[in-house]
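Chemist: Below is a structure I'd like to ask you about.
Any read-out appearing in this document is the output of simple, stated calculations on the displayed coordinates, not a laboratory observation. For clarity, every value in this text was computed on a predicted model and none was experimentally measured. Cβ placement follows ideal geometry from the backbone for every residue including glycine, while neighbour counts extend to all protein chains displayed.
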Amino acid sequence: MTDPSRLALVPFVSVADMMRLVHHIGLETVLTELAAEIEADFRRWESFDKTPRVASHSDVGVIELMPTSDGSFYGFKYVNGHPKNMKEGLQTVTAFGLLADVSTGYPVLLSEMTILTALRTAATSAMAAKHLAPKNATTLAIIGNGAQSEFQALAFKAVNGITEVRLYDIDRSATEKCARNLAGKGLTVVPCRSAEEAIEGAQIITTCTADKQYATILSDNMVGRGVHINAIGGDCPGKTELARAILDRSDIFVEYPPQTRVEGEIQQLDADHPVKELWQVITGAVPGRADADAITLFDGVGFAIEDFSALRYVHGRLRDSGHFLELDMIADPDEPRDLFGMLMRAG
């Protein structure tokens, strides 16, 4: 049996290779570059295919496919969300993704996306805050200190210049874990015993809890004027984090309204409640923060274009790093019509 041809081989980034790649580049550099890559793709939003993710819901979680294309490349992500997994010693979210060449349909990258999704989610949050948060914000509150929390903190540090992070989780051990992981990373880290304590003095509030249910992580009386809320925990029907009264007082910004109205905080509102699309703020087509007293809310549920940006970023960074394997994924017979002959000769 002959060795596979070059056309048969597709770069594969394993979890181990993704970790090596991040260390090779530098975590904060990755977050900064990813934020820039995502912002660049938001600026050309209209060139992408767009569809809400295809979701398969069960009583214990959701499994989703997230596809998009810009006409040159096609990408998709497989991702799950199973909050009950944590109690079983498993990840709440796992993911992998693929990038393909539209001109041939051949895959050009297969990658783990559990770590990459955490990176792109944090980079997207920081990128949105760059356009929506109060100027010169220095303090970030993070309500929910699970797997996403450290990525959020370091993205806001790298992209937005945050210097202090205030942490709260109903599970004290999660807060201790987050504080321990952020030690020595150039941030003042303040563990708090309540959500109210955490948001004291914070100009930016991130909510990133995992429970798949309607919840009130922030009540109306907790949120004063002039803050930016980065609500990223609500990401499926029936799961929210904010009291509706907060939404009524906020200028709301979303990725893709047909998806966010089903999955985000705004599922609590009427279908015609006005929202602004983040890409239009980035291009200057619509205003972002109105004034210093405004409450801005980024209702972030995650959209396929962000994953596309992340896959393309990894693809572009791969060759000079060597942190990948080559998988024999594409059948490449000498004669394109003779797939059967190729199979028989392998016997």
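Chemist: Which one of 85, 54, 68 is farthest out on the positive end of the charge dipole of the stretch 40-97, using unit charges on Cβ (Lys, Arg +1; Asp, Glu -1) and the Cα centre as origin?
Modeler: Value: 85.
Chemist: Give the separation of the Cα centroids, the stretch 208-279 to the stretch 27-74, in Å.
Modeler: So the two Cα centres are separated by 19 Å.
Chemist: Report the Rg/Rh value for the stretch 134-302, based on alpha-carbon coordinates and the Kirkwood definition of Rh. Write out the running numbers ahead of the final one.
Modeler: Values: Rg = 15.2 Å, Rh = 16.0 Å.
Here Rg/Rh amounts to 0.95.
Chemist: For the stretch 134-302, compute the number of Lys pairs whose alpha carbons are separated by less than 26 Å, excluding pairs fewer than 8 positions apart on the same chain.
Modeler: Final tally of qualifying lysine pairs is 12.
Chemist: Same structure, new question: For the stretch 134-302, what is the charge dipole size about the Cα centre, in debye to the nearest 20, if Lys and Arg each add +1 at the Cβ and Asp and Glu each add -1 at the Cβ?
Modeler: On the way: 16 positive and 23 negative charges, 104 e Å.
That gives the stretch 134-302 a dipole magnitude of about 500 debye.
Chemist: Please report, in whole Å, how far the alpha carbons of the stretch 229-347 spread along each principal axis, starting with the longest.
Modeler: Sorted from largest, the Cα extents of the stretch 229-347 read 71, 34, 25 Å.
Chemist: Can you show me the helix-derived [θ] at 222 nm for the chain, built from DSSP H runs with n ≥ 4 at -39,500 (n - 2.57) apiece and divided by the number of residues, rounded to the nearest 500. All intermediate terms of the calculation are to be shown ahead of the outcome.
Modeler: Details: 11 runs with 115 residues, N = 347.
Rounded to the nearest 500, the figure is -10000 deg cm²/dmol.
Chemist: For a quick check: sort 289, 193 by the number of other beta carbons within 10 angstrom, fewest at the front. Display every interim value, and only then the final one.
Modeler: Numbers: 289 19, 193 10.
Result, fewest neighbours first: 193, 289.
Chemist: Next up: Give me 178, 192 sorted ascending by neighbouring Cβ count inside 10 Å, so fewest comes first. Let's see the in-between values first.
Modeler: Values: 178 26, 192 18.
With the sparsest Cβ surroundings first, the list reads 192, 178.
Chemist: From the phi of every residue in the stretch 120-129, what ³J(HN,Hα) in whole Hz does the Karplus formula 6.51 cos²θ - 1.76 cosθ + 1.60 yield, where θ is phi - 60° and glycine or proline is x?
Modeler: 6, 5, 5, 5, 5, 4, 5, 5, 5, 5
Chemist: With θ set to phi - 60°, apply the Karplus curve 6.51 cos²θ - 1.76 cosθ + 1.60 along the stretch 227-236 and write out the HN-Hα couplings as whole Hz, x wherever there is a Gly or Pro.
Modeler: These are the phi-based 3J(HN,Hα) values: 9, 10, 9, 10, 9, 10, x, x, 8, 6 Hz.
Chemist: Follow-up. Among 190, 95, 259, which residue has its Cα positioned farthest towards the positive end of the charge dipole of the chain, with +1 placed on the Cβ of Lys and Arg, -1 on the Cβ of Asp and Glu, and the dipole taken about the Cα centre?
Modeler: Checked the options; the winner is 190.
Chemist: Here's something else I'd like to know. With +1 assigned to the C-beta of every Lys and Arg and -1 to the C-beta of every Asp and Glu, and no other charges, what is the dipole magnitude of the chain about the Cα centre in debye, to the nearest 20?
Modeler: Working: 32 positive and 47 negative charges, 126 e Å.
Dipole about the Cα centre, nearest 20: 600 debye.
Chemist: Using θ = phi - 60° and the Karplus form 6.51 cos²θ - 1.76 cosθ + 1.60, what ³J(HN,Hα) does each residue of the stretch 237-244 get, whole Hz, x for Gly and Pro?
Modeler: Those phi angles translate into x, x, 10, 9, 10, 10, 4, 4 Hz.
Chemist: Within the stretch 6-65, which chymotrypsin sites (Phe, Trp or Tyr not before Pro) sit in a loop by DSSP and count at most 11 neighbouring Cβ atoms inside 10 Å? Walk me through the numbers before you get to the answer.
Modeler: Working: sites: 12, 42, 45, 48; in loops: 48.
Taking the stretch 6-65 and a limit of 11 other Cβ atoms within 10 Å, no loop chymotrypsin sites (Phe, Trp or Tyr not before Pro) are found.
Chemist: Using modelled backbone amide H atoms (1.01 Å from N, in-plane), which distant-in-sequence or interchain residues come within less than 5 Å of residue 327's amide H?
Modeler: Amide H neighbours of residue 327, under 5 Å, 5+ apart: 10, 12.
Chemist: Report the relative contact order of the stretch 134-302, percent, no decimals, based on alpha-carbon pairs under 8 angstrom and at least 6 residues apart. Kindly include the intermediate steps, with their values, before the conclusion.
Modeler: On the way: 353 pairs, mean separation 36.2, N = 169.
Reported as a whole number, the value is 21 percent.
Chemist: Can you list residues from other chains, or at least 5 along the same chain, whose modelled amide H is less than 5 Å from the amide H of residue 204?
Modeler: It is 139, 141, 228, by chain and number.
Chemist: Further, regarding this structure: Rank these for me by crowding, 170, 162, going from fewest to most other beta carbons within 10 Å.
Modeler: 170, 162
Chemist: Tell me the label-point distance for the pair residue 319, residue 56, using the 7 Å Cα-to-Cβ offset, in nm and rounded to one decimal.
Modeler: Here the modelled spin labels are 3.7 nm apart.
Chemist: If the only charges are +1 at each Lys and Arg Cβ and -1 at each Asp and Glu Cβ, what is the size of the charge dipole of the stretch 257-309 around the Cα centre, to the nearest 20 debye? List each step's numbers first, then the result.
Modeler: Numbers: 3 positive and 10 negative charges, 28 e Å.
Result for the stretch 257-309 is approximately 140 debye, rounded to the nearest 20.
Chemist: Hey, if you put +1 on the Cβ of every Lys and Arg and -1 on every Asp and Glu Cβ in the stretch 207-347, which of 315, 223, 302 ends up farthest toward the positive end of that dipole?
Modeler: The listed residue farthest towards the positive side: 223.
Chemist: Next question, about the same structure. Modelled label-to-label distance, residue 163 and residue 23, 7 Å Cα→beta-carbon offset: nm?
Modeler: 3.2
Chemist: (i) 77, 43, 40; (ii) 72, 44, 39; (iii) 88, 69, 47: which one is Cα extents along the principal axes in Å as calculated from this entry?
Modeler: Of the listed options (i) 77, 43, 40; (ii) 72, 44, 39; (iii) 88, 69, 47, (ii) comes from this structure.
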